[in-house]
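The values are calculated or read from the model by the stated rules, or taken from the named source; none is laboratory data. Treat the numbers as computed from the prediction; the structure is a model and nothing was measured. Here Cβ is always computed from backbone atoms with ideal geometry, including for glycine, and neighbour counts include all displayed protein chains.
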Amino acid sequence: MPHFYENFRPYGMYLVKTPKLIRALMPFYTWQIATEERQLYLSFDDGPIPEVTPWILDLLAEYGARATFFCVGENVMRHPQLYQRLLDEGHSVGNHTYNHLNGWHTDHVDYLNNVRRCQQYVRSPLFRPPYGRLMPRQRLLLEKYFRIVMWEVLSGDFDPELSPEQCFENVRENAGPGSIVVFHDSLKAVDKLRYALPATLEYFTGQGYTFPAIPMELPELPNGY
């Protein structure tokens, strides 16, 4: 297992693997899925978009894999048939705000209204804040209606300083049973994704892993939500 500092990347100040201490201090977030099985939970942020998402879906189908797609509401509005394909093929979906807002830099009311707007297109009890950034007041309200899903491992496919091979190594070296892993179905990530995702599926399949989606059940939301 790599040393803590080997997991630290300067671009955007992020950790490839979320330390146990952070997970323990923030138990109100879902960081991983408790399991004794060799299961890896792949997740994709920021889509769906026609330039990337269909390729991901085709590849997942080759491996019999399911994943969880945290969708930007604006993209779902623009590509409803692609969003429906996610559901038809057995994947889970989650709310990722309507305009990919940073909770640290957005007024609380505006942020929550943006989440609500996304929910009109993405009817899901799962929510992932863009950049993983939420203010405490935002979290306290959102957790009443959503399971807030973070991650254990970042592939780093959004990082221009990483090679495709490094993105795969981030996952290979740090993921294990129950890990939630983040990739992106975005134009920024696609060049790295086209190497790192097939390599991840091939490697972990060879290690006996399966790839389920994070369970999704629609909650009862308040009237008008």
(message) Looking only at residues that are in contact with an Asp or Glu (Cβ under 8 Å, 6 or more places away or on another chain) and surrounded by fewer than 20 Cβ atoms within 10 Å (Cβ to Cβ) in the stretch 126-167, which one is nearest to G73 (Cα to Cα)?
(response) P130
(message) Among the residues of the stretch 177-199, what is the count of those that are among the small types (G, A, S), within 16 Å of the chain's Cα centre (by Cα) and surrounded by fewer than 21 Cβ atoms within 10 Å (Cβ to Cβ)?
(response) 1
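One line per residue, one yes/no per condition, for (1) in contact with a helix residue (DSSP H, G or I) (Cβ under 7 Å, 6 or more places away or on another chain); (2) surrounded by 15 or more Cβ atoms within 10 Å (Cβ to Cβ); (3) small (G, A, S); (4) in contact (Cβ under 8 Å) with a residue 24 or more places away in the chain:
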position: Q32; (1), (2), (3), (4): no, yes, no, yes
position: R38; (1), (2), (3), (4): no, no, no, yes
position: F44; (1), (2), (3), (4): yes, yes, no, yes
position: F69; (1), (2), (3), (4): yes, yes, no, yes
position: G73; (1), (2), (3), (4): yes, yes, yes, yes
(message) Just to verify a result, which residue in the stretch 52-98, among those that are among the aromatic types (F, W, Y) and assigned to a loop (DSSP other than H, G, I, E, B), is farthest from the chain's Cα centre (by Cα)?
(response) Y63
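Listed here are the residues, each with its yes/no results for (1) within 25 Å of P19 (Cα to Cα); (2) at pLDDT below 95; (3) assigned to a loop (DSSP other than H, G, I, E, B).
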site	(1), (2), (3)
I180	yes, no, no
L187	no, no, yes
R194	no, no, no
L201	yes, no, no
F204	yes, no, no
I214	yes, no, yes
E217	no, yes, yes
E220	no, yes, yes
(request) Just one of (1) closer than 15 Å to V182 by Cβ; (2) of a type outside the set (A, V, I, L, M); (3) touching a helix residue (DSSP H, G or I) at 6+ places or on another chain (Cβ under 7 Å) trips up Y131, so point out which. (result) (3)
(message) Here is a list: G178, G206, G156. Which entry is free of Cβ contacts under 8 Å to residues at least 60 places away in the same chain and not β-branched (V, I, T)?
(response) G206
(request) Out of G90, G64, G73, report the one residue that is closer than 25 Å to Q138 by Cβ and small (G, A, S). (result) G73
(request) Looking at (1) within 18 Å of F158 (Cβ to Cβ); (2) surrounded by 13 or more Cβ atoms within 10 Å (Cβ to Cβ); (3) at pLDDT 95 or above, find the lone condition where E51 falls short. (result) (2)
